[in-house]
Amino acid sequence: MTVTADLLLEATGVSKTYGAVVALKSASLAVRPGEVHALVGANGAGKSTFVKILTGVVHPDAGRIVVRGRERTAHSPAEARRGGLISVYQEPSLIPDLDIRANLRLTETPREPFRHWLGELGLRDLDLSTLARRLPLASLRIIDLARALAIEPDVLMLDEMTAALPANLTERVLDVLGRVRGGDRSVIFISHRLIEIAAVCDRATVLREGETVGVVDVTAGTEERIVELMLGQSVEALSARTAAVAGPESRARAATPRISARSLSSGTRLNDASFDLYPGEVLGVVALEGQGQDELFDILAGSERPRGGELLVDGKPANFRHPADAIRVGLVYVAADRAEALLMQRSIRENIALPFSSRLRHWGLIDLGREREKVDGAVATLQIDARAGGEVRRLSGGNQQKVTIARWVAGGVRTMLCFDPTRGIDIRTKTQIYRLLRDMADAGAAILLYTSELKEVQLVCDRAIVIFGGRVVGEVSAAEGDEPTLLRAAYNLRSESAVPEGVAAMLASTSSGADASTPAGPGPSEVPQ
Amino acid sequence: MTAAVRANRWLDAAAWRNLFRDRPLIPLTGLLLLLVITIQIADPGIVTLPWWGVIMRASVPLAILAGCQTLTMLTGGIDLSVATVASMAGFVTATFVNSPGGWVQGMAVALAAAALAGLVTGIGVGVFRVHPLIMTLAMSFVVLGFSNVWQLQMVQTGAGVPSQLRWVGSNLLLDVIPYSFLVFVPLTLLILLGLRRTGYGRLLFAIGDNPIAARLSGVRSPQILIVLYVISAVLAAIAGLIISGFTNTASVSLADTYLLPSVAAAVIGGTSIMGGRGGFAGTIVGALILTVLTALLTVLGLPEPTRQIVFGSIIVVVAAAYTRVTGES
């Protein structure tokens, strides 16, 4: 370790407990002047708590934070800002109903430097009198970053800022970060994509289970080391199942399809989706963002009614008016957005029991013994950490996601519709979810799995359909569904050279890092002008 | 050393916060006792068993009306029609005293009318998605209008609060237990058990916590909301009967003064107006707190404006305390 005086920011022994849950045990971070420093950790490692403490949103139970040799106790984000630490989050912090100029005035952002950084980031022609809500999300993120850069903070913290940026803009951001570094200003960079960390960061601090478990110098090949530190175990565990995908296809095809979609269409996005889902298989759905997969899942889950086409469930026509109708014929839906699926203020038990205990027509008392049995069974199957079970909102993201799945597992699954169930959760939980989906399929359930992480197709699916422009444009078997193939299919391309350069470059290095989510990024339409 | 540790535990804000959040009944009961002690100091000897009887008697109708607010607030709603529905029920019953069917028929008509009003409210809120605040406010005008029409029709027949209602509403068993407990205790058990142990109770919490999640789990909220507002209106009508017996009056605006305290009692009792959090036990303590507070302010001989200010301030402080402890920390 370096001498304290050389450090721009130093946090030591930071801890935070929420009730019975230890979010941070002993986290430390040392940022040198002029470096880009990565902060990484699987979900539940305490990363978000640590970030909140650094930015003054949450008060630590113990620990010291020293900025430029002076101990700091930020009691609010505003104080942290004055102390020279500015954060940029995934969600842009601009007021939608004000124009950009008014937004700048709110934060007293100097105009000229802002213009300069905006130009550097590739938005030179932005009209400052545009209302914020009229700009695409990606542009707002860039504006947010330019605004932070213009203030010239000592420490700039980017919290998952690139997670939802199209590839070309991500490259620009990384490029600019590379140039900000130097002098005596530093950047704390938080991202799930190890490829980005490898591209711009000098060092990386790794958190696991609330503790700083290592600080590594980032050089070529350190991704492996970072992943190992994050996992606390070898990476092989993840790929253990890959080889086991054998031919359930022959077995599956003989039966009546659980779901038959015939030319389903909805709104403007979904035009002609046809496919069959058989019992005993995991069918992947591969698509870039906004190709109609959201609409497809809404129809199957009973949330929306199709504009056209036909849906057969177990060979019989289905016409869902409400999610309850879909559930009655065995179609259950696991949403990607946990805020959409969970009763955050209620207990794990109530959340899991919601579909089967809470029936209007069931006027009598709930049989608590039977309910406990079912709930405990599901909690055990999914290995949910139920210590903070009184309120689901106190659970980690991964545990929350497990609760949304456990709800259906408790009642027995016939057909499960999973919309990106592993988005934003840690590798260990992902692996558990993969195994569970496989086990359910092997037990005869039918699983439809949309995933934005293409490598999941080979890990869990038997085959995958590709949706592009609202149509099912192809089918790929798991054996040939490696990431380049799937990505080309998702872009509806035939030849290898046609993959956009940035994406291909990312893809090449992604395969080595286990947690680097593949940019199944927004289509070209979403890229700002 | 041990003393220091103990002092530390007492001063540990997080532990207090957790206590407040997970077991709100304990600090609430503490607040209630604090008020009782204060009133005893202000007027030594006032706190006796009969005094408790009087306090409980006054709290019963308030607690029932606050129960309406609790149930509706759990779903993220509110019921501003309770006061007019309660008044209507007491008034309608009184107008039947001299009719052939007598007060029993009057009560039946009153409860049926309340249920009808609740049904319409429930359809408005559940099916047509009118905000409960607006829907119940509008319904309270409609009910008041009908009450006035009824009053014009009935002005000749003469009216009077039935003696049975007076007995239930105002008499005390052995000077301590109000006879209204005959109604209140079974209702309380029903509501407590209903909220904790039935699927319907769980659904109220579910809808209030996250309507989207509830829907995706197959919950059809319109049916639940219709049933809810019918229950709320019938409870309000029962409270109205007790109030008219307690005050020995029947008028179309009898229960008006109960409306805001009923909301306040539910809020003080720990029910979140945003839905998904709370319960009836806290509400009952909330109603007791408000009643004792009113008694205390009277004993202190404060002028009316001062009383109102203190009353309001205490509600704000308690509500703010809840927001602090239940919010993301």
Report the calculated FRET efficiency for residue A:256 and residue A:477 (r = Cβ-Cβ distance, R0 = 30 Å), to the nearest 0.05. 0.90
Taking a quarter of the surface of the Cα convex hull of region A:279-322, what do you get in nm²? 3.8 nm²
Counting pairs of alpha carbon atoms under 8 Å apart in space and at least six apart in sequence, what relative contact order in percent does chain B give? 33 percent
Taking beta carbons within 10 Å but only from partner chains, what does the mean come to for residues B:203-209? 5
Ranked highest first by the average count of other Cβ atoms within 10 Å around their residues, in what order do A:444-450, B:241-247 fall? B:241-247, A:444-450
What is the order of A:171, A:196, A:152, fewest Cβ neighbours within 10 Å to most? A:152, A:171, A:196
Could you tell me which of A:89, B:285, B:184 has its Cα farthest along the dipole of the protein assembly as shown towards the positive end, charges placed at Cβ (Lys, Arg +1; Asp, Glu -1), taken about the Cα centre? B:184
Would you mind computing, in nm to one decimal, how far apart the modelled labels at residue A:224 and residue B:323 are, each placed 7 Å from Cα along Cα→Cβ? 5.5 nm
For the protein assembly as shown, evaluate the Debye formula with one uniform point scatterer on each Cα (no solvent term) and list log10 I(q)/I(0) at q = 0.07, 0.08, 0.10 Å⁻¹, rounded to two decimals. -0.68, -0.86, -1.19
Only Cα pairs within less than 10 Å get springs; with that Gaussian network setup on chain B, which residue of B:64, B:314, B:284 has the largest fluctuation? B:314
Cα gyration tensor, region A:10-106 - rounded (a/c under 1.5), prolate or oblate: prolate
Using +1 on the beta carbon of Lys and Arg, -1 on that of Asp and Glu, and nothing else charged, what's the dipole of region A:339-412 about the Cα centre, debye to 20? 80 debye
Burial ordering of A:139, B:170, fewest other beta-carbon atoms within 10 Å first: B:170, A:139
When a/c is below 1.5 the answer is rounded, else prolate if a/b is larger than b/c, else oblate, so apply that to region B:173-329 with a ≥ b ≥ c taken from the square roots of the Cα gyration tensor eigenvalues. oblate
Given H placed on each backbone N at 1.01 Å, which residues far from residue A:415 in sequence or on other chains put an amide H within less than 5 Å of it? A:332, A:446
For chain B, the charge dipole (Cβ of Lys, Arg +1; Cβ of Asp, Glu -1; about the Cα centre) points to a positive end, and the Cα of B:114, B:201, B:320 closest to that extreme belongs to B:201
Which residue fluctuates most in the GNM of chain B (Cα springs below 10 Å): B:144, B:74, B:190? B:190
Peptide A:335-342 - average C-beta neighbours from other chains (10 Å radius): 3
What residue among B:228, B:187, B:71 has the largest mean-square fluctuation in a Gaussian network model of chain B, using Cα springs under 10 Å? B:187
For the protein assembly as shown, size of Cβ-based charge dipole, Lys and Arg +1, Asp and Glu -1, in debye: 1960 debye
For chain B, the dipole about the Cα centre with charges only on Cβ (Lys and Arg +1, Asp and Glu -1), to the nearest 20 debye, works out at 780 debye
Taking the number of other C-beta atoms within 10 Å as the exposure measure, put A:116, A:75 in order starting with the fewest. A:75, A:116
If I take the Cα coordinates of region A:372-467 and project them onto the principal axes, what are the three extents in Å, biggest first? 41, 27, 19
On alpha-carbon atoms, Rg over Rh for region A:339-412 using Kirkwood Rh? 0.95
Which shape class, rounded, prolate or oblate, goes with region A:270-378 when its Cα gyration tensor gives a ≥ b ≥ c as root eigenvalues, a/c under 1.5 marks rounded, and past that a/b bigger than b/c marks prolate? prolate
Determine the alpha carbon to alpha carbon distance for each of A:47/A:402; A:430/A:455; A:47/A:374; A:374/A:402; A:52/A:455 and list only those over 23 Å. A:47/A:374; A:52/A:455
Expressed as a rounded percentage, what relative contact order does region A:4-238 have, with Cα pairs under 8 Å and six or more residues apart? 28 percent
For q values of 0.07, 0.09, 0.13, 0.14 Å⁻¹, compute log₁₀ I(q)/I(0) with the Debye formula on a Cα-only model of chain B, without solvent. -0.30, -0.50, -1.00, -1.13
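Since every read-out is calculated from the coordinates, none of them should be taken as a lab result. All figures in this text were calculated on a predicted structure; none of them were measured in a lab. Glycine gets a Cβ as well: all are built from the backbone with ideal geometry, and neighbour counts include every protein chain shown.
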